[in-house]
Amino acid sequence: MDLAGFLFDAFSLPFMARALAVMAVLSLVAGVVGVLVNLRGLEFISDGLTHAVFPGIAVGFVWGGQQGLFAGAMIAALVAAVTLTLIARSSVPTDAGIAVVFTAMFSVGVIVVTREADYAGQLEQLLFGRLLTVGPAEVVQTIVICGVALLVVLVTLKEQVFRAFDHTGFTAAGYRPLLLDLLLNSAIALVVVAASSAVGNLLVLAVLIVPGAVARLLTSRLWLLFPLAALFSGVAAWLGLALGYAASVDFGVDLPSGATVVLVLVAGHAVVLLARLAVDRVRGRTAR
Amino acid sequence: MNANTPALAVSGASFSYGREPALEQITFELAPGEAVALIGPNGSGKSTLLKGILGLIPRVGGTVEVLGEATAAAGTVGYLPQTEELDPQFPITLEQVVMMGRYRSLGWLRLPSKRDREAVARALDTVGLTARAKSRFGELSGGQQKRGLLARALVSGPRLLLLDEPFNGLDPENRDALIGTVERLKARGVALLVSTHDLELARAVCEEVLLLNGSQVAFGPRDRVLTLDNVQRTFQGVGVEMDEHTVVLPGHEGH
């Protein structure tokens, strides 16, 4: 099979095309939001959010199946975003607060799911996603939720960057950081929700964090970070899906698609990191 | 507002982070085109007063008026924070940092226009950093970073500037550049409140002095206020020598 066949053939199948559509939209938005996560150092808070959204997903799923999943996740996400913003403002050490509240919520989610008869399969789905079986309705839901997250971030982008760079200067200029923090945390939560059925609750974090980190390695030009992160994660998603398909069809190896995409993301990060180190080393030598 | 309206009027103001007041009973005025030096030992409330005037720390008593208004309009007050808190790895150029000073008057969703870019170029020119406009902020020296943040404070054309320890850790070249900038700003009618523990510097650029030590020790024209007695009361427990020309404090890195 040639390269073009590897890259394009799989996506003539409707379920593969849907998976690609979901991953493409998700990558674009997670890339942009992820750059802000990186600039603000919100990786741990994002992890907290993925844990917090889980009980919402679980309750929604048990209560209303696939349709309930989005509704439940959405409610949990917004509650978590507000709670988290307030914890971060309080005098309690933030990391401990987040860890306590959100692992507790995750446990609640696990207990809710285990009340169901066939819980093992469902738990797996919720944690690791089911990218290849997303239906047309979920594609639309993903696009809408990602669209809202992207809008929230784009409307406040220059202010978010200002706040990330210099909190004191930002407040002194007359801005209210609380509002911006609420908006950014909500956008992160929305990405977590949108990604939940595709790559699952546990792997969302990679989609949020890896592209931003890669973009930081590739450039120190501020406004280039956002398109680079989105582009990188889009390409990784595409390659990951094509790779999973080829492994299954040509070699008979069944790879879970969400995890394959994440591994491609991480492999891409490793390549870029090594390249960066090599470049810095060469530059260091010529500078001396 | 008329020509006699002070740029800043603080009357009986107290500020507090929590239950205990951090700074009490501050009263002074600052006229356009003049500079007040804010002098006191570490922890005497210099930064607290600057942040309190900006509204970053709650005021628990008294009044603060900027250009005769209780709430300063966007862009009328410029602030130079201490630079130590900034991430040197942050991917941003000096020019982009200075542009942040225009964001408030620019408003949400609007991108900088040609006018904004010209204002940034002028501010960089004022602080003498035009050649470094495209440099990454974290690559600049400490003194250049300070001048860069000063440009950010200037770029919205403020009438009042609050500078927090602008001369701390500056080499002579940056120090002279900054003194020159302060003089030019005063000539343009900008009022400045400058915190420092460099008494010599206070004498060089400020008409009036406010001595702080948890509360107000003294305020007035610098030659009247900078007496041995006042300075000793401000820096309690720290030996102070004084002659006709200079005040020398132990640990003070003067020239």
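The values are calculated or read from the model by the stated rules, or taken from the named source; none is laboratory data. The shown structure was predicted, so the numbers you read here are calculated from the model rather than taken from an experiment. Heads up, the Cβs are rebuilt from the backbone with ideal geometry, glycines too, and the neighbour counts pull from every protein chain shown. Just so you know, the surface numbers come from the protein's heavy atoms only, side chains and all, with ligands and any DNA or RNA stripped out. Shrake-Rupley method; radii C 1.70, N 1.55, O 1.52, S 1.80 Å.
Rounded to the nearest 10 Å², what accessible area does A:Trp238 have for a 1.4 Å probe in the complete protein model?
80 Å²
Among all stretches of chain B without exposed GluC sites (Glu not before Pro) (DSSP loop, at most 12 other Cβ atoms within 10 Å), which one is longest?
B:1-243
Please check which bits of region A:25-68 a label hung off A:Ile75 would reach, taking the label as a point 7 Å along Cα-to-C-beta and the cut-off as backbone N under 15 Å.
Flagged as within label range: A:53-68.
Could you calculate the contour length gain from A:Val235 to A:Asp2, that is, 0.36 nm times the residue separation minus the distance between their Cα atoms, to one decimal place in nm?
Going from the current span to full extension adds 82.1 nm.
Along Cα→Cβ, 7 Å out, is where each label goes; now give me the distance between the ones at A:Ala267 and B:Asp229 in nm to one decimal.
That separation, rounded to one decimal, is 8.2 nm.
Taking +1 at the Cβ of each Lys and Arg and -1 at the Cβ of each Asp and Glu, which of B:Val194, B:Ala119, B:Gln82 sits farthest along the dipole of chain B towards its positive end, judged by Cα position relative to the Cα centre?
The residue sitting most towards the positive pole is B:Ala119.
Hey, what do the phi angles of region A:29-46 turn into as Karplus ³J(HN,Hα) couplings, whole Hz, using 6.51/-1.76/1.60 and θ = phi - 60°, x for Gly and Pro?
3J(HN,Hα) across region A:29-46, in whole Hz: 6, 5, x, 5, 5, x, 4, 5, 4, 5, 5, 8, x, 9, 4, 5, 5, 5.
Just the number, please: percent antiparallel of the DSSP beta bridges in the protein assembly as shown, rounded to the nearest 5.
Just about 50 percent of them are antiparallel.
Counting only residues 5 or more places away or on other chains, whose amide H sits under 5 Å from the amide H of B:Leu212 once H atoms are built in the peptide plane?
B:Ile39, B:Gly40, B:Val217
Note down the nm distance, to one decimal, between modelled labels 7 Å out along Cα→Cβ at A:Arg176 and at A:Val140.
Reported label-point gap for A:Arg176 and A:Val140 is 3.6 nm.
Cα atoms only, region B:22-161: Rg and Dmax in Å?
16.2, 46
So how strong a dipole does chain A carry about its Cα centre when Lys and Arg Cβ are +1 and Asp and Glu Cβ are -1, to the nearest 20 debye?
Once rounded to the nearest 20, the dipole reads 1080 debye.
Keeping every protein chain in place, order B:His197, A:His167 by accessible area at 1.4 Å, biggest value first, i.e. largest first.
Largest to smallest exposure gives the sequence A:His167, B:His197.
Given the convex hull of the Cα atoms of chain B, what is a quarter of its surface area in nm²?
14.4 nm²
Starting from the Cα of B:Arg184, step 7 Å toward the Cβ, then list every residue of region B:91-125 with an amide N under 15 Å from that point.
Of the residues in region B:91-125, B:119-125 have backbone N under 15 Å from the label point off B:Arg184.
Treating each Cα of region B:109-159 as an identical point scatterer and ignoring solvent, apply the Debye formula and state log10 I(q)/I(0) at q = 0.14, 0.27 Å⁻¹.
-0.35, -1.07
Just to confirm my numbers, what's the Cα centroid distance between region B:34-58 and region A:210-242 in Å?
43 Å
Which residues, if any, in region B:71-94 lose at least 50 square angstrom of accessible heavy-atom surface (probe 1.4 Å) when the other protein chains sit next to their chain rather than the chain being alone?
So the qualifying set is B:Leu86, B:Phe90, B:Pro91.
What number, in nm² with one decimal, is the all-direction average of the projected area of the convex hull of the alpha-carbon atoms of the protein assembly as shown?
30.5 nm²
Which one of B:Ile92, B:Ile53, B:Gly40 is farthest out on the positive end of the charge dipole of region B:1-106, using unit charges on Cβ (Lys, Arg +1; Asp, Glu -1) and the Cα centre as origin?
B:Ile53
Assuming R0 = 22 Å, can you tell me the calculated FRET efficiency for the pair A:Ala247 and A:Ala275, based on Cβ-Cβ distance, to the nearest 0.05?
0.25
Springs between alpha-carbon atoms under 10 Å, Gaussian network over chain A: tell me which of A:Gln67, A:Gln125, A:Gln160 tops the mean-square fluctuations.
It is A:Gln67.
Go through region A:200-208 residue by residue and turn each phi into a ³J(HN,Hα) via Karplus (6.51, -1.76, 1.60, θ = phi - 60°); whole Hz please, and just put x for glycine and proline.
Along region A:200-208, the couplings run x, 5, 7, 8, 3, 4, 4, 5, 7 Hz.
Please state, to two decimals, what the Cα-based radius of gyration of region A:170-228 comes to when divided by 2.2 N^0.38 Å (N = residues).
Working it through for region A:170-228, the quotient is 1.39.
Between B:Ser141 and B:Ala121, how many nm apart are label points set 7 Å from Cα along the C-beta direction?
With each label placed 7 Å out from Cα toward Cβ, I get 2.7 nm.
If eta is 0.890 mPa s and T is 25 °C, what Stokes-Einstein diffusion coefficient results for chain A, Kirkwood Rh from Cα pairs, in µm²/s?
The Stokes-Einstein estimate is 125 µm²/s.
Output the direction-averaged projected area (hull surface divided by four) of the convex hull of the alpha-carbon atoms of region B:1-66, in nm².
Answer in nm², one decimal: 4.6.
Whole-Hz Karplus ³J(HN,Hα) for region B:76-82, in order, using 6.51 cos²θ - 1.76 cosθ + 1.60 and θ = phi - 60°, x for Gly and Pro?
7, 10, x, 9, 10, x, 6
Determine which residues of region A:72-111 fall in the zone a paramagnetic label at B:Tyr17 would reach in this model, i.e. backbone nitrogen under 17 Å from the point 7 Å along Cα→Cβ.
Hits in region A:72-111 for B:Tyr17 at 17 Å: A:89-94.
Looking at chain A as a GNM with Cα springs under 10 Å, which of A:Leu39, A:Leu178, A:Leu203 has the largest mean-square fluctuation?
A:Leu178
For chain A, what does -39500 (n - 2.57) per DSSP helix run (n ≥ 4), summed and divided by total residues, give at 222 nm, in deg cm²/dmol to the nearest 500?
-29500 deg cm²/dmol
What does the charge dipole of the protein assembly as shown about its Cα centre add up to, to the nearest 20 debye, if the Cβ of each Lys and Arg holds +1 and the Cβ of each Asp and Glu holds -1?
Dipole magnitude for the protein assembly as shown comes out near 1100 debye.
Can you give the relative contact order of chain B as a percent, counting alpha carbon pairs under 8 Å and 6+ residues apart?
Normalised by residue count, the contact order of chain B is 26 percent.
Return the Cα extents of region A:157-264 along principal axes one, two and three, sorted largest first, each rounded to a whole Å.
61, 28, 14 Å, listed from the longest principal axis down.
Can you work out the accessible area per residue across region A:37-94, with the rest of the protein chains kept in place, probe 1.4 Å, in square angstrom?
40 Å²
Only Cα pairs under 8 Å and at least 6 apart count here; give the relative contact order of region A:1-132 as a rounded whole percent.
26 percent
Can you return the lysines within cross-link range of A:Lys158? Criterion is Cα-Cα under 21 Å, with same-chain partners fewer than 8 residues away left out.
B:Lys114, B:Lys134
If r is the Cβ-Cβ distance from A:Ser90 to B:Ala73 and R0 is 51 Å, what FRET efficiency results, to the nearest 0.05?
0.95
Of A:Tyr245, A:Tyr175, B:Tyr17, which has the most accessible area and how do the rest follow, probe 1.4 Å?
Result, largest first: B:Tyr17, A:Tyr245, A:Tyr175.
Quick one: if you take sqrt(5λ) for each eigenvalue of the C-alpha gyration tensor of region A:11-81, what semi-axes come out, biggest first, whole angstrom?
Here the semi-axes work out to 23, 22, 7 Å.
Just name one of A:Ala236, B:Thr63, A:Ala187: the one whose Cα is farthest towards the positive end of the charge dipole of the protein assembly as shown (beta-carbon charges, Lys/Arg +1, Asp/Glu -1).
About the Cα centre, the residue reaching furthest to the positive side is A:Ala236.
Determine which lysines satisfy two conditions relative to B:Lys46: a Cα distance under 22 Å, and not lying fewer than 8 residues away in the same chain.
B:Lys146, B:Lys186
What is the diffusion coefficient of region B:115-236 in µm²/s, taking the Kirkwood radius over Cα pairs and the Stokes-Einstein relation at 20 °C with a viscosity of 1.002 mPa s?
It comes out at roughly 137 µm²/s.
For B:Phe28, A:Phe44, A:Phe251, give me the order by solvent-accessible area with a 1.4 Å probe, most accessible first, ignoring ligands, DNA and RNA.
A:Phe251, A:Phe44, B:Phe28
Which loop trypsin sites (Lys or Arg not before Pro) in region B:146-189, with loop taken from DSSP, have no more than 15 other Cβ atoms within 10 angstrom of their Cβ?
B:Arg188
Ignoring ligands, DNA and RNA, how much accessible area is buried between chains B and A, both sides summed, with a 1.4 Å probe, to the nearest 100 Å²?
Looking at B and A, the buried total is near 2300 Å².
Measuring from the lowest to the highest alpha carbon on each principal axis, how far does region A:56-160 reach, largest first, in angstroms?
43, 31, 19
Might you report the magnitude of the Cβ-based charge dipole of region B:1-75 about its Cα centre, with Lys and Arg at +1 and Asp and Glu at -1, to the nearest 20 debye?
With Lys and Arg at +1 and Asp and Glu at -1, about 240 debye.
So what is the 222 nm mean residue ellipticity for chain B from helices alone, if each DSSP H run of at least 4 adds -39500 (n - 2.57) and you divide by all residues, rounding to the nearest 500 deg cm²/dmol?
One gets -9500 deg cm²/dmol as the mean residue ellipticity at 222 nm.
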